[in-house]
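Note sheet for the following structure.
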Amino acid sequence: MSLKIENLSANIGDRQILKGLNLEVPKGQVHAIMGKNGSGKSTLAKVMAGHPDYEVTGGSVTLDGLNLFEMQEPDQRARAGLFVAFQYPMEIPGVTIANFIRAALQARLPEGEELDAVEYYEHLYKKMDSLKIDRKFTSRAVNEGFSGGEKKRCEVLQMAMLNPVYAVLDETDSGLDIDALRIVSDGVNAMRSPERGFLVITHYQRLLDYIVPDVVHVMVDGRIVMSGDKNLAHKLEAQGYDWVEKEILATA
Amino acid sequence: MTTLMEKPAAAPSAWPAWFQAEQSAALAEYEKLPVPVRKDESWRFANLKALDLSAFVDANPVASEGRLINASTGLKETAAKLILGNNALLHREAGLLPKGVILETLESAAANHTELFKKYFMAQPVELGSRKYAALHKARVAAGAFLYVPANTSVELPIELFQWVEGANASVFPHTLIVCGENSRVTVVDYFKSADQLPAFACGVNDLHLARGAKLTYISVQDWSRETTAFHLNSTIVDREATATALIANFGGAFIRGESLSRLVGEGSRSEMYSINPVEGTREIDQRTLQDHVAPNATSDLLYLNALDDKSRTIFAGLIKVQPGAKGTDAYQKVKNLILSDDADPNSMPGLEILNDEVRCSHGATNGPISADELFYMEARGIPADKARRLIVNGFFNSLLTHIENDPLRLHLEGLLAARLAIG
Ligand SMILES: Nc1ncnc2c1ncn2[C@@H]1O[C@H](COP(=O)(O)OP(=O)(O)O)[C@@H](O)[C@H]1O
Ligand SMILES: [Mg+2]
């Protein structure tokens, strides 16, 4: 059981961004992807979620054996158990967080079954409290006028409510101060379980002190070029990416 | 059956004789005034076919009075309720009105409060194109709603008015006249409803008068059948430091012509003009507005939101007019069209006429589809595209409802909107 990405290639327009990417996150583990700006990390997240701007030109992604690309629509993939916390979450004017998450949960129920409103709010408030999100936010429009950190917390709130099988977190640490980072990390750690896998994309090693990964992957120019344990993240932090690129050239 | 032009012989008028004489004159004026043509400035882009009223007949007294009264439900708590159907009073509840507040039919106001009636009834000239239809309205108006709130009186809970039409091709002439005394406060929700999904004709007038320091929130929930032709001619007169908030929600109708004039006659007055218009099928909403700044340091804020699906049409023509004496004016006018279909036809004509330079004015119109990124974001949470689109449209309108300060009222309107857009 795993989230398995095989030989994945994807374009935006006629520009290739992902160039045969391989990665497997066994269920129950947390993997991290680190890489320089522009290496294609967000592209990977959005391609998995089914963003219409990207064209998959080769390879596959499977969730516990289920072929993601056989599901055309992003909502099908989400209901199949994939969650992507976006680097730049969208603002949705006039749609409250409460109604948004409610619609997302309702969409997971069988036809004709109604979400219990009282239970829903109890559950929502509990998760908000643990992420230290003011309960007043339930009636705020999704991400509208939120600070960077509030947006990221709202992504984690959605993840906590939707209970995915595999979660991809794209730079969920950016824009967070140290307290918020701890709160968000606690939220993620509380969800770590043998029944769930995480792929944590980050720019900084800092996050990985809080969410300690089982495996760290390095992404360069649309490929995973190196994998290791959490010490790899420390080495990248201390020495930058140049040595990685040299090593690849040497072995190429 | 009698046509619109003839007075039904059987129904004796409840109006005083002097008003009946005015009605005869109004009928003559209606007949004399020409039917508008496209080259009339205020009928540009208009669908003139809708002006053929020959199919419509005089309304009979309502047959299903009990059903309509039972269906006249809105807010949980109200101060008073007036229910009218086919140009007659069906029901009145006024238990929680403070002393001195008058809520009754216009007919009885004409008899019992003649001075007030004469001072305020259709006191404003009709400037936005429908003089002919205002004359028809005056000639045929019956019953109607009259609300007077005396000075320094606050009506805490909202007042609800229900104006029904029943029967095929029936014609109704709803009228709401609200007079707010100095420093008074009141909220009114005015529902326009059809007893059945049949063609009908409504020709309504509503006039809001705010004396110094008054605060009025007026909500029109227009929910006529999808086969109704309707005119709604509105005027709002705002005196010193008074604030009028008027929201017009057009949920129904096949063809709606709305004319809304706000005249800021007192220094420091404020008029908020909002409208939400979900349109689909071949429905049309034609709205003409005027923000007339007469007094200095007044504010007017107009925001009209249209969401157009299928082959629907909207027309918005608005004018901000700043009179020479109106220095320090703040005037805003914005129409936003959310385009849901390639066949939809939005027409926007915002306009300014500024005769004083010490002003802040802005006006504009935008057209745009649902954002693909917003849609993707919602789908990425598992919400199917169709539901996501409806939520986004709902959100588009909801962001306007945040201007309504009264929480139970706003929640109620959010509920009506969600029901209208079939958000489960
Ligand atoms: N809409 C777009 N059009 C063209 N190029 C794009 C677009 N979005 C991203 N890119 C390019 O794709 C590459 C990868 O971007 P991205 O996946 O966001 O990288 P990362 O998340 O690793 O910083 C970058 O070179 C970026 O400029
Ligand atoms: Mg990125």
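Here are a few things to note about the model shown:
- Taking only the alpha carbons of region B:371-424, we obtain Rg and Dmax values of 12.3, 34 Å in that order.
- Volume per residue that the Cα convex hull of region A:166-252 spans, once the total is divided by residue count, Å³: 105
- For region B:50-197, DSSP calls about 30 percent of its internal beta bridges antiparallel.
- Of all beta bridges that DSSP places with both ends in chain B, some 5 percent have antiparallel geometry.
- Long-range tail of P(r) for chain A (Cα pairs > 35 Å, %): 13
- For region B:122-159 versus region B:287-315, the gap between their alpha-carbon centres in whole angstrom: 20
- Top of B:356, B:112, B:347 by mean-square fluctuation, Gaussian network on chain B, Cα under 10 Å: B:112
- Against chain A, whose longest principal axis is taken from its Cα atoms, helix A:242-251 shows a tilt of about 50°.
- Ordering B:18, B:161, B:71 by the projection of their Cα atoms onto the charge dipole of the protein assembly as shown, which places +1 on the Cβ of Lys and Arg and -1 on the Cβ of Asp and Glu, puts B:18 at the extreme positive end.
- In summary, the aspartates and glutamates within cross-link reach of residue B:76, defined as a Cα separation below 19 angstrom excluding same-chain residues under 8 places away, comprise B:93, B:156, B:160, B:190, B:405, B:407, B:414.
- Chain A: angle of helix A:178-191 to the longest principal axis, Cα-based, in degrees nearest 10: 80
- Only Cα pairs under 8 Å and 6+ residues apart enter the sum, and on that basis the relative contact order of region B:371-424 stands at 32 percent.
- Cα extents of region B:17-266 along the three principal axes, largest first (Å): 47, 42, 36
- The orientation-averaged projected area of the convex hull spanned by the Cα atoms of the protein assembly as shown comes to 34.3 nm².
- Separation of alpha-carbon centers, region B:196-251 and region A:180-241, rounded to whole Å: 59
- Helix-only CD estimate at 222 nm, as mean residue ellipticity for chain A, using -39500 (n - 2.57) per DSSP H run (n ≥ 4): -11000 deg cm²/dmol
- The angle separating the long axis of helix A:148-162 from the principal Cα axis of greatest extent in chain A is about 70 degrees.
- DSSP bridge orientation in region B:17-266 - percent antiparallel, rounded to nearest 5: 10
- Extreme residue, positive dipole direction of region B:344-424, given options B:395, B:421, B:371 (C-beta unit charges): B:421
- In summary, the convex hull built on the alpha carbon positions of region B:161-287 has an orientation-averaged projected area of 6.7 nm².
- Members of B:81/B:193; A:4/A:27; A:36/A:151; A:41/A:152; A:127/A:151 lying beyond 20 Å, as alpha-carbon distances in this model show: A:36/A:151
- Taking all protein chains as they are arranged and a probe of 1.4 Å, the heavy atoms of residue B:108 leave approximately 40 Å² accessible to solvent.
- Projecting the Cα atoms of B:174, B:129, B:84 onto the dipole axis of region B:17-266, where Lys and Arg carry +1 and Asp and Glu carry -1 at the beta carbon, places B:129 farthest toward the positive end.
- Ignoring lysines fewer than eight residues from residue B:138 along the same chain, the ones with Cα atoms less than 16 angstrom from its Cα are B:7, B:32, B:118, B:119.
- Dividing the helix sum by the residues of chain B, where each DSSP H run of 4 or more adds -39500 (n - 2.57), gives a mean residue ellipticity at 222 nm of -6000 deg cm²/dmol.
- Relative to the Cα centre, the charge distribution of region B:17-266, modelled as +1 at Lys and Arg Cβ and -1 at Asp and Glu Cβ, gives a dipole magnitude of about 420 debye.
- Computed magnitude of the charge dipole of the protein assembly as shown (debye, nearest 20; Cβ of K, R +1, Cβ of D, E -1): 560
The values are calculated or read from the model by the stated rules, or taken from the named source; none is laboratory data. All of these numbers come straight from a predicted model, not from anything done at the bench. Heads up, the Cβs are rebuilt from the backbone with ideal geometry, glycines too, and the neighbour counts pull from every protein chain shown. To get the accessible areas, we keep the full protein, side chains included, count just its heavy atoms, and leave off ligands, DNA and RNA. Shrake-Rupley method; radii C 1.70, N 1.55, O 1.52, S 1.80 Å.
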